[in-house]
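> Right, I'll just put the structure down here and ask away after.
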Amino acid sequence: MSTILEAKNINKYFRDPVLFHALKNISFDITKGEFVSIMGKSGCGKSTLLYILSTMDTDYDGELYIDGELTSGKTNDELAFIRNKHIGFVFQFHYLLPEFTVLENVMLPAKKLGEKSIEEIEYDAIEKLKLLHIDDQALKLASRISGGQKQRVSIARALINSPSIIMGDEPTGNLDSKNAENVFNIFQELSHQQNLSLLIVTHDEEFANKTDRIITMEDGHII
Amino acid sequence: MNSFRIILGISKIHLISRIKQTSIAALGVTFGISAFIILMGFMNGLNGLLDGLILNRTPHIHVYNDIKPSENQPIAYFKDVSETFNVVHSVKPKQTQKKIHNAQPLINYLNQTPKVKGAIPQVSAQGFYISGNQQLNGMITGINALAEANLFNFDNYITEGSVIDLNNNINGILLGIGVAKKMSLRIGDRVQIANIKGEIIPLKIVGFFQSGLAEIDNTQSYVNVKTAQRILAESESYITDINVKLHNIEDAVAMSKFIANEFGLTAIDIKTANAQFETGTSVRNLISYAVSITLLLVAGFGIYNILNMMIYEKMNDIAILKATGFSGNDVKRIFISQAVIIGIVGGVLGLIIGYLVSRLIDNIPFETEAIPNITTYPVVYNYIHYIIAMLFAMISTFIAGYLPAQKAKNIDPVEIIRGQ
Ligand SMILES: Nc1ncnc2c1ncn2[C@@H]1O[C@H](COP(=O)(O)OP(=O)(O)OP(=O)(O)O)[C@@H](O)[C@H]1O
Ligand SMILES: [Mg+2]
């Protein structure tokens, strides 16, 4: 089994307002197709870890490998490309461009990657929206749909470039149990059928218990 | 190329979704650019008008025989006192004639010089205009009317009658409009000229001229060269002035020096005579640029402010774009392209409005005593102004957009996402 993501001795400090050691010697890896959840009390450092793993936060000590490639120390442009191609990110809160339609929001990362024609991208985007049962909202402005719908659109967007790994910060936090179940099923299907790796932060124990592995955090440690 | 299209697409949606702010920013540019176009067109029109007024009508070189004391007093020719400091009191000019010696051969010579477009003689005489019991001081200049019209647009001054009338009538006189008004004279009337010796020569009025300068219009009149010689009771070789027009005005200084040295005459070139004129032109240009740059600066600040505000409002969008794989440089390009789009739209609109207002000004009646052959305000349409204006618009909006865009590039997405 090949390793998709590897974290080695990651330490993170916040210096403002006081020196605070937020992540302490975090080391773990995720193999291809593995569905991993992260649990832990509020404030234990789950989001902080996810921002580092997603390459958005570069202010840390330690080494991070994605798809076998060391990302620590790469330029911002190189990291942007890695995020675009290899990582799909689902935020804790819904994050869409409000003046763009749902469809455009989903298409944008694929347009940026530029590997497919616009027609193919549009076809893919509609497929992803169908997967999350919101294809009927495709032509609405992103600011005109409900919170749960936005969350599903952002999951569709995370899938558009067929990334190696999906990272989610409580992606089902705003969903009712039926839709949360649906999202879980989609994630599981993707990990089984397309060998997609997933790393999902959740407070939902039921959700976590169904995943392949649970990483539990406490005060910046993995336990 | 592909990413350029995406970036433009995002910019477009940002701009359209804030159409009010976008329009205000663009209108600022429009205002600056149209003001520049209008000012430049009008100022250059004015410059052209004054060119026509002065440069086209003034001889490039005016040659005459000035009455002045000899530069070398006789004592300077004595070798024994050459080392000493000599003081000569009460130097008086030697009585020389105003006449240019050997004028005709000089004129012929000048006319054969390749740089010279034409050299023509004048005879100036003083006298009095007498009509009924009125007497007026007068300057009567004998000219070659057709050549004057040809070289110095003399016909522009003539308000009634024509150069041909004067040329064809050896007893004709073209009176200054002021003289005519003072003496209530009309075309066809007779006016008598008394020369300084008191002899009276009757002449027939063939027309009027108006230079715009009252002191000239109140004293000056023109006759044929031969008539002037007759008034002065001089021979046909009596010429007091030679006016020279060159092919290239830039040769005037060198040529006038040459004439002065070679022939021992006074030769004044147009640049020396009208030095203040060029200063006026450059000051007008300076004003146009200063005003337009000020307006564009204000417009630039407007764009800077609006983009800054836009970036503040668009923090979330910037964070999302960065999180989903757009680089800091992509984000920077999005905001710069917004500024440049504002610059292009506002600039083009400014060019159009500037052109239309120029047309309007061009058609406003403008009649003045001073310039008889002008009926509307002068405006120049020079495509160079339009190119400069567009460059102005692009550069100023680019700079105004650059700083906010740089800020957007450096926004840390984690901070924004965590901030929710
Ligand atoms: N910018 C910051 N400056 C200083 N301290 C911070 C900053 N961001 C987070 N922290 C601290 O780091 C710790 C970890 O925060 P983090 O957001 O990772 O928690 P979390 O596990 O995601 O919590 P939750 O489940 O509530 O989302 C917290 O104690 C928080 O106070
Ligand atoms: Mg969190």
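The values are calculated or read from the model by the stated rules, or taken from the named source; none is laboratory data. These figures come from a predicted structure and were not determined experimentally. Note that we place each Cβ from the backbone using ideal geometry, even for glycine, and neighbour counts take in every protein chain shown. These accessible areas exclude ligands, DNA and RNA; they are computed on the full protein's heavy atoms, side chains included. Shrake-Rupley method; radii C 1.70, N 1.55, O 1.52, S 1.80 Å.
> Where is the GNM fluctuation largest for chain B (alpha-carbon springs, 10 angstrom cutoff): B:271, B:117, B:197?
Among B:271, B:117, B:197, the largest mean-square fluctuation in the Gaussian network model of chain B belongs to B:197.
> With the Cα gyration tensor of the protein assembly as shown giving a ≥ b ≥ c as the square roots of its eigenvalues, does the rule (a/c under 1.5 for rounded; else a/b larger than b/c for prolate; else oblate) give rounded, prolate or oblate? It would help to have the intermediate numbers written out before the result.
Details: a/c = 5.19, a/b = 3.37, b/c = 1.54.
Prolate, since a/c reaches 1.5 and a/b exceeds b/c.
> Right, next: Which value, in nm² and rounded to one decimal, describes the direction-averaged projected area of the C-alpha convex hull of segment A:101-204?
Values: hull surface 25.3 nm².
The number I arrive at for segment A:101-204 is 6.3 nm².
> Mind checking which of B:58, B:281, B:368 has the largest fluctuation in a GNM of chain B, springs on alpha carbons under 10 Å?
Highest fluctuation of the listed residues: B:368.
> Something else about it: Using alpha carbons only, how many degrees (0 to 90, rounded to 10) separate the axis of helix A:118-131 from the longest principal axis of chain A?
Once rounded, one gets 80 degrees.
> Please report how far the C-alpha centroid of segment B:26-55 lies from that of segment A:31-46, rounded to the nearest whole angstrom.
If we compute the Cα centre of each part, the gap is 69 Å.
> Which length gain, in nm to one decimal place, applies between residue B:305 and residue B:72 when the Cα-Cα distance is subtracted from 0.36 nm times their residue separation?
On the way: separation 233, 0.36 × 233 = 83.88 nm, distance 7.25 nm.
Contour length minus the Cα-Cα distance gives 76.6 nm.
> Would you mind counting up the charge near residue A:78? Only other residues with Cβ under 15 Å from its Cβ, with Lys and Arg at +1 and Asp and Glu at -1. Write down the numbers at each step before the final one.
On the way: positive: A:74, A:83, A:85, A:112, B:322; negative: A:67, A:69, A:77, B:330.
It works out to a net charge of +1.
> Just read off the accessible area of residue A:184 with the full protein assembly in place, 1.4 Å probe, to the nearest 10 Å².
Accessible area of residue A:184: about 0 Å².
> Does segment B:81-187 come out rounded, prolate or oblate by the C-alpha gyration tensor, with a ≥ b ≥ c the root eigenvalues, rounded set by a/c under 1.5 and, if not, prolate when a/b is larger than b/c and oblate if not?
On the way: a/c = 3.23, a/b = 1.47, b/c = 2.20.
It is oblate, given that a/c is not under 1.5 and a/b is not larger than b/c.
> Any idea of residue B:27's accessible area? Nearest 10 Å², probe 1.4 Å.
For residue B:27, the solvent-accessible surface is approximately 100 Å².
> Which ³J(HN,Hα) values, rounded to whole Hz and listed in residue order, are derived for segment A:65-81 from phi using the Karplus coefficients 6.51, -1.76 and 1.60 in 6.51 cos²θ - 1.76 cosθ + 1.60 with θ = phi - 60°, glycine and proline given as x?
Computed from phi, the couplings for segment A:65-81 are 10, 10, 6, x, 9, 6, 9, 4, x, 6, 6, 4, 5, 5, 5, 4, 5 Hz.
> May I pose another question? Taking the convex hull of the Cα atoms, report for chain B its projected area averaged over all directions, in nm².
Values: hull surface 135.0 nm².
For the Cα atoms of chain B, the hull's average projected area reads 33.7 nm².
> Taking 1 over the mean of 1/r across every pair of different Cα atoms in segment A:3-217, what Kirkwood radius in Å do you get? Display every interim value, and only then the final one.
Details: mean 1/r = 0.0566 Å⁻¹.
Radius from the Kirkwood sum: 17.7 Å.
> List the DSSP H helices in chain B whose Cα atoms stretch 27 Å or more along the helix axis and whose mean Kyte-Doolittle hydropathy is at least 0.0. Don't skip to the answer; put the middle values down first.
Values: long enough: B:19-50 (45 Å, 1.37); B:275-313 (57 Å, 0.87); B:328-362 (50 Å, 1.27); B:383-409 (37 Å, 0.99).
Sorted by number, the helices that extend far enough and score high enough are B:19-50, B:275-313, B:328-362, B:383-409.
> Run the paramagnetic zone check for residue B:49: 7 angstrom along Cα to Cβ, then residues of segment B:209-229 with backbone nitrogen under 17 Å.
B:211-213
> Can you spot the aspartates and glutamates whose alpha carbon is less than 12 Å from residue A:111's alpha carbon? Ignore those fewer than 8 places along the same chain.
By straight Cα distance, residue A:111 reaches A:119, A:120, A:122, A:124.
> Ok, one more. Can you give the convex hull volume of the alpha carbon atoms of segment B:61-270 per residue, in Å³?
Details: hull volume 33.4 nm³, N = 210.
Measuring per residue, one finds 159 Å³ for the Cα hull of segment B:61-270.
> If you take every DSSP beta bridge fully contained in the protein assembly as shown, what fraction is antiparallel? Give it as a percent rounded to 5.
Numbers: 56 of 84 bridges.
Of all bridge pairs located within the protein assembly as shown, approximately 65 percent are antiparallel.
> Same structure, new question: May I ask for the net charge around residue B:376, where only other residues with Cβ less than 12 Å from the Cβ of residue B:376 are counted and Lys, Arg are +1 while Asp, Glu are -1?
In short, -1.
> Please compute the length gained on full extension between residue B:84 and residue B:197, using 0.36 nm multiplied by the number of residues separating them and subtracting their Cα-Cα distance. Before the final figure, lay out each step's value.
On the way: separation 113, 0.36 × 113 = 40.68 nm, distance 4.64 nm.
Full extension from residue B:84 to residue B:197 adds 36.0 nm.
> Kindly sort B:359, A:213, B:284, B:190 by accessible area of their heavy atoms, largest first, with the probe set to 1.4 Å. It would help to have the intermediate numbers written out before the result.
Details: B:359 105, A:213 75, B:284 45, B:190 145 Å².
Largest accessible area first, the list is B:190, B:359, A:213, B:284.
> Just list whichever of B:12/B:322; B:99/B:197; A:130/B:332; A:8/A:210; A:150/B:407 have alpha carbons separated by over 22 Å in the model shown.
Numbers: B:12/B:322 18 Å; B:99/B:197 17 Å; A:130/B:332 34 Å; A:8/A:210 26 Å; A:150/B:407 28 Å.
Listed pairs above 22 Å: A:130/B:332; A:8/A:210; A:150/B:407.
> A further question on this structure: Straight-line reach from residue B:98: which aspartates and glutamates have Cα under 14 Å away, leaving out those fewer than 8 places along the same chain?
By straight Cα distance, residue B:98 reaches B:66, B:234, B:241.
> Among A:49, A:113, A:129, which one shows the highest mean-square fluctuation when chain A is modelled as a Gaussian network with alpha-carbon springs under 10 Å?
Sorting by GNM fluctuation, first place goes to A:113.
> Still on this structure: For the pairs A:116/A:140; B:117/B:271; A:85/B:314; B:92/B:226; B:79/B:257; A:116/A:178, flag any whose C-alpha to C-alpha distance is greater than 27 Å.
On the way: A:116/A:140 24 Å; B:117/B:271 17 Å; A:85/B:314 24 Å; B:92/B:226 33 Å; B:79/B:257 29 Å; A:116/A:178 34 Å.
Flagged as over cut-off: B:92/B:226; B:79/B:257; A:116/A:178.
> With each run of n ≥ 4 DSSP H residues scored as -39500 (n - 2.57), what mean residue ellipticity at 222 nm is computed for chain B after dividing by its residue count and rounding to the nearest 500 deg cm²/dmol?
Values: 15 runs with 224 residues, N = 420.
Result for chain B, helices only: -17500 deg cm²/dmol.
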